[in-house]
Amino acid sequence: MDRFEYGEVVFSPEESVILRETGAKIYDGDNKTSFEGGILELTSHRILWSKPPNTRLILSLAYVIFVEEERSGFGFSKTTKYILHLTEALPGKPPGPVSRSIFNFIKISFKDKIESDFLTSLKDTLDTRKWEVQPVGVSPALNKVQPIKIRTGIVGIERQIHEKHKETDENISKAFQDLSKLMIMAKDMVNISKTISQKIREKQGDITEDETVKFKSYLLSLGIDDPVTRTSFKNDSQFHQELAKQIAEMLVGPVTEVGGMMGLVDAYCRVNRARGLELIPPEDLLNACNQLEKLKLPIILRQFDSGVMVLQLQSHSDEKIVEKTLSMLEARNSLTPEELAQEIGISVLLAKERLIIAEKYGKACRDDSIEGLRFYPNLFLCDSR
């Protein structure tokens, strides 16, 4: 559509009208436009499209390389469009409806399935090329350059397609180069985060406790620079063992911070967030966690009687869980799983499992009523009583 221009239709003695049709619709490539239901005139020099009161579009035939017919639909619903392949718009062309189009062709169709000899008439007109003898309504830039720019036949179309493919390949190559640079920068950022994290552990610098906790959360978001991937190993067993080692190294700190026990769902979210683009499915995480105890790593996978699965520190025994839970029960006189979860900053599910463990060891008893589940110290079996 950027080859069209606005203008007054003035005929010279050398220009003659060859064909006139109503109900003409113009497409910008494959896209519909608002230019429909107009009058189309084919002259020896131009294609004119007009619609009252004052819309007039002009396309010089010097832009047209060749034309073909496109049919679609079946039976009574079939339609015919005429595809006009065009050369590029040149500088100096008068303004038109579109300043820049991504298409090098337009389509023209006629309302009410008009059966006309538009295609034959247009091809004959292009063959005569009368506009080269006496151009009418063509910009000076087009008159000067057109004999060099024109490309006819299938060869010209194939050349345009080849140029577009070449441009696309170049754009893709540039995009991957930028992505490689971004990955290099990401690794540098992770290395910096490790250095700062090490300084924090060594208590270097004037950093408050709140700032340390906040900064550690930022470091976790940066991820790890060398995530274990399946393609690096010969079989799944080796992959899961190495993944287990990386999971243990990655989560031993966070598990310690939340009281020595972390739900498997929380662990899965943390691991995938740290791995960045190298995400793993839940099955791989579960298989890797099953290797933790066999590899004698600092954390192990534990499954409660209720079916809840958690990652737990090797040193985090049930006796310590019961001791800490009982002390909190005695301090508060009673606790619900929600209250315990809020008190020590863990999920409600894990808080409930802690209270159940205390009950299993005889240090707590429950009251399950319409108000909910609440646990109390077992005054009958506690030695302190």
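Within region 95-126, restricting attention to residues that are charged (D, E, K, R) and either at pLDDT below 85 or not in a helix (DSSP H, G or I) (or both), which residue is nearest to the chain's Cα centre (by Cα)?
100
Go through region 222-255 and give me each residue that's in contact with a Leu (Cβ under 8 Å, 6 or more places away or on another chain) and either surrounded by fewer than 15 Cβ atoms within 10 Å (Cβ to Cβ) or at pLDDT below 85 (or both).
228
Listed residues 17, 9; which is over 43 Å from the mean Cα position of the chain (by Cα), more than 30 Å from residue 163 (Cβ to Cβ), surrounded by fewer than 17 Cβ atoms within 10 Å (Cβ to Cβ) and at pLDDT 80 or above? Explain how you work it out, then say what you get.
Working: 9 fails: at pLDDT 80 or above.
Exactly one of 17, 9 is over 43 Å from the mean Cα position of the chain (by Cα), more than 30 Å from residue 163 (Cβ to Cβ), surrounded by fewer than 17 Cβ atoms within 10 Å (Cβ to Cβ) and at pLDDT 80 or above, namely 17.
Considering every residue within region 274-290, establish whether at least one is over 36 Å from the mean Cα position of the chain (by Cα) and not basic (Lys, Arg). Step through it out loud before you land on a result.
The first filter runs over region 274-290 and keeps only residues over 36 Å from the mean Cα position of the chain (by Cα), leaving none.
Looking for residues that are over 36 Å from the mean Cα position of the chain (by Cα) and not basic (Lys, Arg), one finds none in region 274-290, hence no.
Which one is surrounded by the fewest Cβ atoms within 10 Å (Cβ to Cβ) among residues in region 20-61 that are over 45 Å from the mean Cα position of the chain (by Cα) and hydroxyl-bearing (Ser, Thr, Tyr)?
The residue in question is 22.
With respect to the numbered conditions (1) at pLDDT 85 or above; (2) within 21 Å of residue 130 (Cα to Cα); (3) not hydrophobic (A, V, I, L, M, F, W, C), which one is the sole condition not fulfilled by residue 36?
Condition (2) is where residue 36 drops out.
Name the residues in region 262-273 that are touching a Ser or Thr at 6+ places or on another chain (Cβ under 8 Å) and not charged (D, E, K, R), would you?
Looking only at region 262-273, we keep the residues that are touching a Ser or Thr at 6+ places or on another chain (Cβ under 8 Å), and these are 263, 266, 273.
Listed by number, the list holds a single entry, 263.
Identify, please: which residue in region 310-327 is surrounded by 16 or more Cβ atoms within 10 Å (Cβ to Cβ) and within 21 Å of residue 294 (Cα to Cα) and is, among those, farthest from the chain's Cα centre (by Cα)?
Selected residue: 316.
Kindly establish whether residue 142 is surrounded by 14 or more Cβ atoms within 10 Å (Cβ to Cβ), out of contact with any Pro (no Cβ under 9 Å at 6 or more places or on another chain) and either within 19 Å of residue 86 (Cβ to Cβ) or at pLDDT 85 or above (or both).
Here the answer is no, as residue 142 does not meet what is asked.
The values are calculated or read from the model by the stated rules, or taken from the named source; none is laboratory data. What you see is a predicted model, and the numbers here were worked out from it, not measured in a lab. Methodologically, a virtual Cβ is constructed for each residue, glycine included, from the backbone with ideal geometry; neighbour enumeration extends over all protein chains shown.
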